[in-house]
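Notes follow the structure.
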Amino acid sequence: MINHIINQKGQSLVEALIALGVATLVISAMVVAVVTSVNNADYSKYENQATHYAQQGIEILQQVSQSNWSLFSTTYVGANCLGDPKLTTGQFNLTQLAICDSPKTVNVGTNFVRETNVTLGVNGACGNDSYYGEVTVYWNDGKCKDTPYCHKVQLDTCFTNINPAQTL
C-alpha cells in the first residue's frame, strides 16, 4: 500500500496542469467568440447607419425630382447637395438645396462619406428621358488599412418626370 501512495505523488500535479490547460483553452475560445460577436454587431450597426444615409439621399433626390423637375435635371445631375446628415425628407428647403457647390463626396456623420451620382439613363437601366441616380455611402470601422473607407452601401433608382406639364 505504501508503494501505491508513493507512485501517485506527482499525479495530482499532472491532473492540475491538465485541468488548467483545458480551462485556458475553454476561456480562450469563449473570448474569441465574444470578440467576434462584438465585431459583427459593430459592423451591422455601421452598415445599418450607412444604409440609412443612402436611403436618406435617395429620398431627398426623389422628393426634389417630384417637386421641381427642372431644378433636379439642371442642378443635381453630376452634383452633390446632400452632405448634411440633418437633411431628411421634410426638413429641407428646395432653394437651399439648389446651391450645389460642394464636391461629389461629402462627410455625413462620423466615419461616413456619402456620394451621389445622377446621370441621364445608364445603359438602358432607365428610359431615355429618365435619370439614373446612385447614392453610395462609405465608412471606416477602424479596420481599413490601405484605404480611408473600406466598406460601402450603394442604392440606386431611376428618376422620371412624373409631372411632364411642369417643364412646358
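I'd like to check something: does the range 84-97 contain any residue that is closer than 25 Å to D42 by Cα, modelled with pLDDT of 85 or more and touching a Phe, Trp or Tyr at 6+ places or on another chain (Cβ under 8 Å)? No; the residues of the range 84-97 include none that is closer than 25 Å to D42 by Cα, modelled with pLDDT of 85 or more and touching a Phe, Trp or Tyr at 6+ places or on another chain (Cβ under 8 Å).
Residue under question is A19, and the condition is that it be modelled with pLDDT of 80 or more, more than 24 Å from Y149 (Cα to Cα) and surrounded by fewer than 11 Cβ atoms within 10 Å (Cβ to Cβ); does it hold? First the steps, then the outcome.
Values: modelled with pLDDT of 80 or more: yes; more than 24 Å from Y149 (Cα to Cα): yes; surrounded by fewer than 11 Cβ atoms within 10 Å (Cβ to Cβ): yes.
It is true that A19 is modelled with pLDDT of 80 or more, more than 24 Å from Y149 (Cα to Cα) and surrounded by fewer than 11 Cβ atoms within 10 Å (Cβ to Cβ).
Here I58 fulfils each of the conditions (1) modelled with pLDDT under 90; (2) more than 24 Å from D141 (Cβ to Cβ) apart from (2). Quick check: is even one residue across the range 46-54 of a type in the set (D, E, K, R) and modelled with pLDDT of 75 or more? The answer is yes; a qualifying residue exists.
For V38, are the conditions met, namely being assigned to a helix (DSSP H, G or I), of a type in the set (V, I, T) and farther than 30 Å from Q154 by Cα? Walk me through it before giving the result.
Working: assigned to a helix (DSSP H, G or I): yes; of a type in the set (V, I, T): yes; farther than 30 Å from Q154 by Cα: no.
No: the conditions fail for V38.
The values are calculated or read from the model by the stated rules, or taken from the named source; none is laboratory data. Remember, it's a predicted structure, so these values are computed and weren't measured experimentally. We place every Cβ from the backbone using ideal geometry, glycine too, and count neighbours over all the protein chains shown.
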